[in-house]
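The values are calculated or read from the model by the stated rules, or taken from the named source; none is laboratory data. Please read these numbers as outputs of a predicted model, since none were measured by experiment. Cβ placement follows ideal geometry from the backbone for every residue including glycine, while neighbour counts extend to all protein chains displayed. For accessibility, only protein heavy atoms count, side chains too; no ligands or nucleic acids. Shrake-Rupley method; radii C 1.70, N 1.55, O 1.52, S 1.80 Å.
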Amino acid sequence: MRHWKAGTVTLLIAAVVNGSAAIIASTPALAQDTVKLELWSRQDPSGPLRPGNVVKGAERLNKELAGEGSGKRAEVVVHESPAPGFDDDALQLLKVFGIGQGPDVFIVAHEWICAFQQEGFALKLDDYIAKDPQHFGTIFPSLWQSAKCPDGIYGVPQDAEARMFFYNKKLLRVAGYDNAFIDAMPARTLSGELTMDELIDIAKQVRGKTKAQYGILHRPNKGPDYIMVFQSYGNSFADRGTGKLLLEHDKLAAAFGWFDRGVKEGVIPANNTAMEFDALRKAFYTGNAAFWMYGIWDLGTYAFPTYGLPKDEAAFFADWGWIAAPAAKRGGQAGSLTHPIIYAVAAHAADPELAVRVLGHASAADLNTDHAVATTHLGIKPEQLNDPRYAAAWPLARATELLKITKFLPNNPQFGDLNGILYTALQGVETGRLSGPQAADFVIDEASASLKGVIVK
Amino acid sequence: MAAPATFTGIDTRLATPADWDRLAARARSLRRAKAVALYAFLIAVSLPIILPYFWLLTIAFSTKTGVADTLVLWRSLAVLALAVIAFWLAAMLAQTRRQMWVGVTAIALAATIVFARLVGPDLHLRNFIFLVEPDFASIVRSRAGEVRGAVQFPSVWRAFGNSTLIAGAQTVIVLTVAPLAAYYLSRFQFPARAAMLRSLLVLHAFPVLTLIVPMFLMLYWIGLLDTLAGVILVLVAFELPFAIFIMKGFFDAVPWDIEMSALTDGASRRQAFLRVVLPQVRNGLLAIAVFTFIRGWEEYIFVFTFLIRNTNWTMSLYMYYVRDDVMGVDYGVVSAVGVFYLVPSLILYLAAQRYLMQMSIGGVKG
Amino acid sequence: MASINELMTERRGHAGSAVRRRTNFGIFLGPAIALTVLFFVIPVIIDIAVSFTDLDRTLRVSKFTTEQYQKVFQGDRRLPQVIGLTFIYVFSTLAIFNVTFGLVLALTTTSLNDMSGGFFRGVWLLPRMSPSVLYILLWLWVVNPSDVGLLNQFLIQVLGLTKPLDLMTTAPVALVIIANGFIGASMGMIIFTAAIRGIPEHLLHAAEVDGAGTLAKIRFVTLPALRWPISFVTIYQTLSLLVSFEYILLLTKGGPFYDTTVYALYVYRHAFASGQYGYGAALALFLIVIGIAVALLGWRFFDLGRLLQRPRIEVH
């Protein structure tokens, strides 16, 4: 009897304890509902804080939620994809979404966002953004353009940068150009006086009169930089009205012709597309090349830390400098290219509102400035200019001037593929397999065959 | 009677001892000339292979700045070549064994001293920093300043462990499946045998890497996508035809009598296989084990494609991305990683080299 | 032999023999067949299915169509060049390295003493035994277009060339053939060495006594004995070369423009790298068909059946 009684008592006590625990646990004040958000990011030496800021943003949001009395907490799990470039990463991510295992939040190069939107993988953010003006209201309007698809906003701009032609003033001096000419180059480019052809001429003189091995170098893989040259020759690649891909034969031929001429004059190395990235950087930063078509973040990521270029503004501009992408003809419009990276939310995300709030915190001015200053990217909000760190990072301030004339890549879902075709044609031209007009034909053939809805003029 | 036409031009019926001596001397010098020519040819064609690997070794242990320089390479080669020639001379000129050993030791000592004086100062172990410091990429890139970014590479030991796991599991599975199949194909007659043998060759014609997307879909449908098991099974399947071919060759070379006596003693086929035949083909097992392990060691395409979330870094990926990220800045570190990556397959290969040479494809008696 | 067979069957001729036969089949061949069907046959079937759809980079299929095949026959301007290059590549690598040089290596190394021969064979097996990423990295360093490259150092300092050579741009096909050839020669070398070692000594001695010199010995004794291995290596390596492109991908990524893009690499670029999975599937199918045709033809032509189907024991 005693055992039985003890047993019942134990049972009763257990029931009471469990019951009260259940009741206590269900009260909102003590309930902790952790929402796991998976963040897909590409590991990238020039952007470690892109996912890092989201993690910090989640921490800030959790504090805010605690302050609001909500039991929700956000936990960001970062998945780093080892893809070699943004395009490979986007392709892998599309496959992953395709089998239904996509992440909740992802970081993507802006021109790919409409590929995700088209398939219904990305979440339309207009309403969520409108609900959070404190975080999103002050972002540069032009940057929102890069995150837009035909029916709305699908991404939050994370950074911007400027692409340009860096040049080595020391080499130009040795080649016989005087300081007045060298210092006037940026202004002459912006006014449309310095043209693409003159760029080749300057590089040719450097090659002829100095020991420099190369005149103009560009990236050795698919990317946004060389599109600047195409844009200078009038290629916009997207039809204004419909947004479809647009290919204009003569303008393409002219742009390829510039590269062709560059190689024939000995200014662009014929094997530029086969060289290694680090060999190219080394060639330019150690004074073996006159011009390097790349972007501002290279200064923070490689030029200053690895190659020891002077960090002081005056010292830097004494020996180095940059010009915007020159116009094709005299009096034309110089240009630059900005390739923003954006945060996007998956359409099936577990808690979209929470995700967007996290991104809001991740886009805080100070966090964004961390990323901008560390890796020399441009910020997304005007108030960042007031941050002393940003102001001290003079490359950012000087590069922001280029934002006035900058263009973007078209947000067409197929532009990534078109860019691949362009790059292959570029390689063909530089290695002498194709002439300018033949390259234009090649691009039009390939694009018409493998892409849908391409307008050809 | 006409003089018999002979190969040597000497009429043996009229030959004198002097003639024989001359003949022997000529044959000897001809043989020596042939040997020298053979050696010269082989050394000449083998140099393009030996040099780059040796260069890798020297860069890994000596490069300081970001250049893949060759000074250490040429110097060490010079020392080595002289030492080898000296060894050879010693072996030729020594008349007693003791003399040879004395000569060899003396030369080795001399070579070591010369090497230490000439090349020693340039050697260092700093390139092997990646073994202890996961964030070595930032350190290498920030040689001129201090920049530490997010850690991009996991610890090399984790990559090493993953590679060993994948290659090891794949080898074990192949070593189990292939000999079984090869034995059956070698010993048994059954209706589909001819077709199966032919299909082994046909399977080799499958462009495996172009079937990546169908395989991605298939793995997804059977639930093995994003798992190590999926990657391992794919690798096993692709090594199987070759492994079965080679094992069948080894099984064909084992005489039937041994099995027969085992069977007459009352063993079943399976027991005969396990206890009697399998030990005979030990060399074959070693050969395919080495090939399979090395194939798994170098795999990177499948790992990158089929592992989505659980991207387990393997040594192949590690090497690939170190090269992408660090190369122009520091050839030394890249070579050090390369040496570290190469060493396991090299050890395996050297240990099993003898057995690899016995691979045949099914008996060529006459 | 027959009586022993009868003995065996008699002793095992009880009812369990059919079952035993089947279980043996299952145990021995089961796993291999399962793995092969799962990872070879089924993906090909999926591939055939995919080639009749418009599967793209998002793994969505919206319709069944034959447009991929239309593209192959009508729209693709690169295809003839790619196919031509594939022929040249396969034939050259096979003829120069895989078969011929493999034979040369086997013959020369077996003429030396075992240790030296083994050393050189060991050296020539090293490329095959190194991880592909590393092997190609070494090649890239060797053919580096500046004077840091080993090849250029050799050419400039020893042969007195004035300008460094850029093989990757000027002779990419040759480069690719040599890089793959080093790997391919080792397989032939191994198989031919084993075969040469299997030639009975007395045949060689008899030939010597009959007055044969080295070349004659090779022609009349060694080569006939190597007939089967040579046939096998030819067919096997042809298939290998048709189908694998890993080294080319790592070395030149398809070469300047499409110069070193062999068919398999072309399929990979389309099927995988640019997201046109349907088109890639159609292209891959052609390659599979050609590969199977070559394998079967080779089997018939070289009579490999006789070599491999050496029936052993039929006791169950």
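Assess whether A:Gly67 counts as being at pLDDT 90 or above, out of contact with any Lys or Arg (no Cβ under 9 Å at 6 or more places or on another chain) and within 14 Å of chain C (Cβ to nearest Cβ). So A:Gly67 does not fit the description; no. Residues that are modelled with pLDDT of 80 or more number at least 3 in the following helices (runs of 4 or more DSSP H) confined to segment C:1-80: C:16-36, C:42-51, C:67-70. Of the listed requirements (1) under 16 Å from the mean Cα position of the chain (by Cα); (2) closer than 30 Å to A:Leu245 by Cα; (3) crowded, with 24+ Cβ neighbours inside 10 Å, A:Phe408 misses just one: (3). Residues of segment B:262-277 that are open to solvent by 40 Å² or more (accessible area, probe 1.4 Å), within 11 Å of chain C (Cβ to nearest Cβ) and more than 22 Å from B:Leu175 (Cα to Cα): B:Thr264, B:Gly266. A:Ala399 meets all of the listed conditions (1) assigned to a strand (DSSP E or B); (2) under 30 Å from A:Trp320 (Cα atoms) but one, namely (1). Within segment A:431-457, residues that are touching a residue at least 24 places away in the same chain (Cβ under 8 Å) and on the phi > 0 side of the Ramachandran plot reach partners that are of a type outside the set (A, V, I, L, M) and open to solvent by 60 Å² or more (accessible area, probe 1.4 Å) with beta carbons closer than 9 Å, at six or more positions or on different chains, in the pairs A:Gly432/A:Lys264; A:Gly453/A:Thr242; A:Gly453/A:Lys244.
Here's the yes/no breakdown for (1) of a type outside the set (Lys, Arg); (2) at pLDDT 85 or above; (3) closer than 30 Å to B:His124 by Cα; (4) outside the structural domain of B:Val174 (by TED's automatic domain parsing):
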residue	(1), (2), (3), (4)
B:Asn283	yes, yes, no, no
B:Ala287	yes, yes, no, no
B:Met315	yes, yes, yes, no
B:Tyr331	yes, no, yes, no
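Here A:Ser142 does not fit the description of being at pLDDT below 90, under 20 Å from the mean Cα position of the chain (by Cα) and within 14 Å of chain B (Cβ to nearest Cβ). Within segment C:203-226, residues that are within 20 Å of C:Val104 (Cα to Cα) and assigned to a loop (DSSP other than H, G, I, E, B) have Cβ atoms under 8 Å from residues that are at pLDDT 85 or above and not aromatic (Phe, Trp, Tyr) in these pairs: C:Ala212/C:Val221; C:Leu226/C:Leu103; C:Leu226/C:Ala195; C:Leu226/C:Ile196, counting only partners at least 6 apart in sequence or on another chain. On the stretch given as segment A:128-156, residues that are open to solvent by 50 Å² or more (accessible area, probe 1.4 Å) and farther than 19 Å from A:Ala362 by Cβ total 6. Among the residues of segment C:280-295, the ones that are under 18 Å from C:Gln70 (Cα atoms) and surrounded by fewer than 19 Cβ atoms within 10 Å (Cβ to Cβ) come to 2 in all.
Among residues of segment C:270-298 that are touching a residue at least 40 places away in the same chain (Cβ under 8 Å) and at the interface with chain B (Cβ under 9 Å from one of its Cβ atoms), those with a Cβ under 7 angstrom from a residue that is open to solvent by less than 10 Å² (accessible area, probe 1.4 Å) and of a type in the set (Asp, Glu), sequence gap 6+ or separate chain, pair up as C:Ala281/C:Asp47; C:Ala284/C:Asp47.
Looking across segment B:75-90 at every residue that is exposed (fewer than 14 other Cβ atoms within 10 Å of the Cβ) and within 12 Å of chain C (Cβ to nearest Cβ), the one that is modelled with the highest pLDDT is identified as B:Val84. Every condition in (1) at pLDDT 85 or above; (2) closer than 22 Å to B:Leu209 by Cα; (3) open to solvent by less than 20 Å² (accessible area, probe 1.4 Å) holds for B:Tyr349 except the one numbered (2).
Residues that are of a type in the set (Val, Ile, Thr), in a loop (DSSP other than H, G, I, E, B) and open to solvent by 10 Å² or more (accessible area, probe 1.4 Å) occur at least once in segment B:208-224.
Please specify each residue of segment A:355-414 satisfying the condition of being of a type in the set (D, E, K, R) and closer than 25 Å to A:Lys222 by Cβ. Break it down stepwise before answering.
Here is the first cut: in segment A:355-414, the ones of a type in the set (D, E, K, R) are A:357, A:366, A:370, A:381, A:383, A:387, A:389, A:398, A:401, A:404, A:407.
Of everything in segment A:355-414, just one residue is of a type in the set (D, E, K, R) and closer than 25 Å to A:Lys222 by Cβ, namely A:Lys407.
Applying the criterion of being among the aliphatic types (A, V, I, L, M) and either under 25 Å from A:Ala90 (Cβ atoms) or open to solvent by 70 Å² or more (accessible area, probe 1.4 Å) (or both) to the residues of segment C:28-47, the residue that is nearest to the other protein chains (Cβ to nearest Cβ) is C:Ile46. Every test in (1) at pLDDT below 85; (2) crowded, with 19+ Cβ neighbours inside 10 Å; (3) assigned to a helix (DSSP H, G or I) is passed by C:Met115 save one, and that test is (2). Filtered by the rule that a residue be part of a loop (DSSP other than H, G, I, E, B) and surrounded by fewer than 17 Cβ atoms within 10 Å (Cβ to Cβ), segment A:66-83 gives A:Gly69, A:Ser70, A:Gly71. Failed condition for C:Tyr258, given (1) crowded, with 24+ Cβ neighbours inside 10 Å; (2) over 21 Å from C:Ala295 (Cα atoms); (3) among the aromatic types (Phe, Trp, Tyr), with all others met? Result: C:Tyr258 passes all but (1). Going by the conditions given, is B:Thr305 away from chain A (no Cβ under 12 Å), of a type in the set (S, T, N, Q) and more than 30 Å from B:Ser62 (Cα to Cα)? When the stated conditions are applied, B:Thr305 does not pass them. The residue pairs whose first member lies in segment B:203-214 and is at the interface with chain C (Cβ under 7 Å from one of its Cβ atoms), whose second member is surrounded by 24 or more Cβ atoms within 10 Å (Cβ to Cβ) and not in a helix (DSSP H, G or I), and whose beta carbons are closer than 8 Å, counting only pairs six or more residues apart or on different chains, are B:Leu209/C:Phe245; B:Val213/C:Leu55.
Which ones in segment C:48-66 are within 14 Å of chain A (Cβ to nearest Cβ) and within 14 Å of C:Tyr279 (Cβ to Cβ)? Quick ask: steps written out before the conclusion?
Residues of segment C:48-66 that are within 14 Å of chain A (Cβ to nearest Cβ), as a first pass: C:50, C:53-63, C:65.
Correct list: C:Val50, C:Thr53, C:Asp54, C:Leu55, C:Asp56, C:Arg57, C:Val61, C:Thr65.
Mind checking whether some residue in segment C:133-140 is more than 25 Å from C:Tyr266 (Cα to Cα) and out of contact with any Phe, Trp or Tyr (no Cβ under 8 Å at 6 or more places or on another chain)? Talk me through it step by step, then tell me what you get.
First, pick out the residues of segment C:133-140 that are more than 25 Å from C:Tyr266 (Cα to Cα): none.
No.
For C:Leu151, the conditions (1) facing another protein chain (nearest Cβ under 10 Å); (2) touching a Leu at 6+ places or on another chain (Cβ under 9 Å); (3) open to solvent by less than 30 Å² (accessible area, probe 1.4 Å); (4) in a helix (DSSP H, G or I) all hold with the exception of (3). Restricting the search to segment C:192-222, which residues are under 24 Å from B:Met357 (Cα atoms), open to solvent by less than 70 Å² (accessible area, probe 1.4 Å), within 12 Å of another protein chain (Cβ to nearest Cβ) and not hydroxyl-bearing (Ser, Thr, Tyr)? C:Phe192, C:Ala194, C:Ala195, C:Ile196, C:Gly198, C:Ile199, C:Pro200, C:Val221 - these are the residues of segment C:192-222 that are under 24 Å from B:Met357 (Cα atoms), open to solvent by less than 70 Å² (accessible area, probe 1.4 Å), within 12 Å of another protein chain (Cβ to nearest Cβ) and not hydroxyl-bearing (Ser, Thr, Tyr).
I'm checking my understanding of the structure. Among residues of segment C:81-107 that are at the interface with chain B (Cβ under 9 Å from one of its Cβ atoms) and open to solvent by 20 Å² or more (accessible area, probe 1.4 Å), which one is nearest to B:Thr314 (Cα to Cα)? If you could, list the steps in order and put the result at the bottom.
Initial filter on segment C:81-107 (at the interface with chain B (Cβ under 9 Å from one of its Cβ atoms)): C:101, C:104-105.
With the extra rule that they be open to solvent by 20 Å² or more (accessible area, probe 1.4 Å), the set shrinks to C:101, C:104.
Values: C:Phe101: 34, C:Val104: 37 Å.
Filtering segment C:81-107 for residues that are at the interface with chain B (Cβ under 9 Å from one of its Cβ atoms) and open to solvent by 20 Å² or more (accessible area, probe 1.4 Å), the one nearest to B:Thr314 (Cα to Cα) comes out as C:Phe101.
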